[in-house]
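K.L.:
Structure below; questions to follow.
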Amino acid sequence: MGQLKSLIVAPGLWILIPAIAAAGGSGMFLSKSRKGRLVESKKKRMPFIAANGLLVLVPCAIVLNRWASAGSFDTAFYAVQAIELAAGAVNLTLMGLNVRDGLRVTGRLRHSSPSVTKTN
Ligand code: HEM
């Protein structure tokens, strides 16, 4: 448990934060030449992903790691862990939507329901 929590902070966060920043940054760069509703939705999601990550998930991970290595698994620990899990689920969902819309933009994922494109 303590071991896992410490791995999330280092090297976990040192890989995760640059990776998400790179995804957001390259997306912003590509959105200069790509326009449309899907790109706009992706752009709107990114500040939430970043804020949620930096203001909620990172502090949670650091605090939980400290408490876990100190062996203090009290009510506060589980409360913060619950916040982390909820915020993590939100960010995974938002990133999943960005993947979906990204694949739709490039046409790798079909836009409409299968029945519409079925020709027979
Ligand atoms: C967590 C953040 C993000 C993830 C995981 C993500 C994921 C993806 C994926 C999987 C693709 C499809 C690539 C392909 O089919 O070759 C894509 C494409 C794209 N994304 Fe994102 N994206 C993210 C953030 C953003 C942001 C912030 C923008 C800015 C508006 C953006 C704009 C685009 C554009 C314009 C494309 C089309 C690329 C092209 O023209 O080839 N993405 N993204």
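K.L.:
I'm trying to understand the selection: among the residues of the range 31-40, which are near the ligand (Cβ under 6 Å from one of its atoms) and either modelled with pLDDT under 95 or part of a loop (DSSP other than H, G, I, E, B) (or both)?
P.N.:
If we filter the range 31-40 for residues that are near the ligand (Cβ under 6 Å from one of its atoms), which is where we start, we get 31, 34, 39.
Once the filter is applied, which keeps residues that are near the ligand (Cβ under 6 Å from one of its atoms) and either modelled with pLDDT under 95 or part of a loop (DSSP other than H, G, I, E, B) (or both), the range 31-40 yields SER31, ARG34.
K.L.:
Any chance the range 83-96 includes a residue that's away from the ligand (no atom under 16 Å from the Cβ), under 19 Å from the mean Cα position of the chain (by Cα) and touching a residue at least 24 places away in the same chain (Cβ under 8 Å)? Spell out how you get there, then give the answer.
P.N.:
Step one: of the range 83-96, the residues away from the ligand (no atom under 16 Å from the Cβ) are 83-86.
Going one step further and asking which of them are under 19 Å from the mean Cα position of the chain (by Cα), we end up with 83-86.
Cutting the leftovers down to touching a residue at least 24 places away in the same chain (Cβ under 8 Å) gives us 83-84.
Yes - at least one qualifying residue is present in the range 83-96.
K.L.:
A further question on this structure: In the range 41-51, is there at least one residue being within 30 Å of THR106 (Cβ to Cβ), within 12 Å of the ligand (Cβ to nearest atom), surrounded by fewer than 16 Cβ atoms within 10 Å (Cβ to Cβ) and at pLDDT below 95?
P.N.:
No, every residue in the range 41-51 fails to be within 30 Å of THR106 (Cβ to Cβ), within 12 Å of the ligand (Cβ to nearest atom), surrounded by fewer than 16 Cβ atoms within 10 Å (Cβ to Cβ) and at pLDDT below 95.
K.L.:
I'm told GLY27 meets every condition in (1) in contact (Cβ under 8 Å) with a residue 60 or more places away in the chain; (2) more than 16 Å from the ligand (Cβ to nearest atom) except one. Can you identify the failing condition by its number?
P.N.:
Here GLY27 clears every test but (2).
K.L.:
With the structure loaded, tell me whether THR75 is within 16 Å of the ligand (Cβ to nearest atom) and either closer than 23 Å to LEU16 by Cα or not aromatic (Phe, Trp, Tyr) (or both) or whether it fails that test.
P.N.:
Working: within 16 Å of the ligand (Cβ to nearest atom): no; either closer than 23 Å to LEU16 by Cα or not aromatic (Phe, Trp, Tyr) (or both): yes.
Spelling it out, it is not the case that THR75 is within 16 Å of the ligand (Cβ to nearest atom) and either closer than 23 Å to LEU16 by Cα or not aromatic (Phe, Trp, Tyr) (or both).
K.L.:
Can GLY12 be described as surrounded by fewer than 16 Cβ atoms within 10 Å (Cβ to Cβ), in contact (Cβ under 8 Å) with a residue 12 or more places away in the chain and part of a helix (DSSP H, G or I)? Steps first, please.
P.N.:
On the way: surrounded by fewer than 16 Cβ atoms within 10 Å (Cβ to Cβ): yes; in contact (Cβ under 8 Å) with a residue 12 or more places away in the chain: yes; part of a helix (DSSP H, G or I): yes.
Yes; evaluated as a whole, the condition is true for this residue.
K.L.:
How many residues are out of contact with any Gly (no Cβ under 7 Å at 6 or more places or on another chain) and surrounded by 15 or more Cβ atoms within 10 Å (Cβ to Cβ) if we restrict to the range 18-33? Don't jump to the end; show me each part of the working.
P.N.:
Residues of the range 18-33 out of contact with any Gly (no Cβ under 7 Å at 6 or more places or on another chain): 18-19, 21-33.
Subsequent filtering for residues that are surrounded by 15 or more Cβ atoms within 10 Å (Cβ to Cβ) retains 23-24, 27, 31.
Final tally of qualifying residues: 4.
K.L.:
To continue, here is another question. Could you list, in sequence order, all residues of the range 52-85 that are surrounded by fewer than 11 Cβ atoms within 10 Å (Cβ to Cβ) and of a type in the set (Gly, Ala, Ser)?
P.N.:
Across the range 52-85, the qualifying residues are ALA70, GLY71, SER72, ALA79.
K.L.:
Moving to a separate point now. Return the only residue of ASN98, ASN52 being farther than 30 Å from GLY2 by Cβ and polar (S, T, N, Q). Write out each step before concluding.
P.N.:
Working: ASN52 fails: farther than 30 Å from GLY2 by Cβ.
Within the list ASN98, ASN52, the selection yields ASN98.
The values are calculated or read from the model by the stated rules, or taken from the named source; none is laboratory data. Keep in mind that what you see is a predicted model, and the values were worked out from it rather than measured. As a convention, Cβ positions derive from the backbone with ideal geometry for all residues, glycine included, and neighbour counts pool all protein chains shown.
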